[in-house]
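Just below is one structure, and these are the notes that go with it.
The values are calculated or read from the model by the stated rules, or taken from the named source; none is laboratory data. Remember, it's a predicted structure, so these values are computed and weren't measured experimentally. Counting neighbours? That spans all protein chains shown, and the Cβs are built from the backbone with ideal geometry, glycine included. With ligands, DNA and RNA removed, areas are computed over all heavy atoms of the protein, side chains included. Shrake-Rupley method; radii C 1.70, N 1.55, O 1.52, S 1.80 Å.
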Amino acid sequence: LKRLAQRIAIGQSITISAIGSSSTAGAGASSPAMSYPSRIEVELKALFPQASFKVINRGVGGETMAEMLARFNQDVFAENPVLVLWQVGSNSVLRGQPLTDASAQLREGLKRLVGADTDVVLINPQYAPKVIAKPDADRMVDLIDATARETNVDLFQRFAVMRYWRLTEDIPFSAFLSPDELHMNDWSYACIAKLLAKSIHDVAIRATVTATAKR
């Protein structure tokens, strides 16, 4: 997150674009203010009081990667963001779309984002009954993980975090999901936003320290 770290270091304003589907739009939240993009803006402002953050929510319910790609020019690049948070994979799994298609679309999207000189953080699917019931759920998570590593793009492991809540902490799905057993709720959106903001903070600080050491 070099661009983000540079902006933070000199106190410049920072625009972040959050593109994705319903869990970016905030389906299941009690209000738009409780969506993860809204919450992460609050968290980042608390972590970096010297910087000015604007997080733009470009989530559209039901969209697959291909549909998000079609919106990149209008909903991402037009805002000239310093950082793009791209939540991907859930609807491709839910619709049973081929992983080969998802792989090609993911790589195309990352190529365009990196080529536009933006920092990128991928966010993988949610660990929820309607997602994990699909045969390609784990393979999609593995695909996103492998692609992020190969392209040197940061990845927020939402699937692993939520799986930890359920399988390790023994928190029932009803505590962190909406009744539809798919979408998140206020508690889980807030937790994800806090964890993601802390991850961004830690990466940005490391980048700043590394850049300073090289001078």
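A few remarks follow.
- Any hit, the range 169-191, residues being open to solvent by 20 Å² or more (accessible area, probe 1.4 Å), in contact with a Pro (Cβ under 7 Å, 6 or more places away or on another chain) and in a loop (DSSP other than H, G, I, E, B): yes
- Of residues in the range 1-26 being aliphatic (A, V, I, L, M) and open to solvent by 30 Å² or more (accessible area, probe 1.4 Å), the one farthest from SER178 (Cα to Cα): ILE10
- Test for ILE200: is it within 23 Å of LEU94 (Cβ to Cβ) and buried (at least 16 other Cβ atoms within 10 Å of the Cβ): no
- Selection status of PHE48, closer than 20 Å to ALA5 by Cα, among the aromatic types (Phe, Trp, Tyr) and open to solvent by less than 50 Å² (accessible area, probe 1.4 Å): yes
- The numbered conditions (1) touching a helix residue (DSSP H, G or I) at 6+ places or on another chain (Cβ under 9 Å); (2) at pLDDT below 95 are all true for GLY115 except (1).
- Residues that are touching a residue at least 12 places away in the same chain (Cβ under 8 Å), assigned to a helix (DSSP H, G or I) and either more than 24 Å from LYS194 (Cβ to Cβ) or open to solvent by 40 Å² or more (accessible area, probe 1.4 Å) (or both) within the range 146-168 comprise THR147, THR151, ARG163, ARG166, listed in sequence order.
- In the range 65-96, the qualifying residues are those that are open to solvent by less than 60 Å² (accessible area, probe 1.4 Å) and free of Cβ contacts under 8 Å to residues at least 40 places away in the same chain, and the one that is farthest from THR15 (Cα to Cα) is ALA66.
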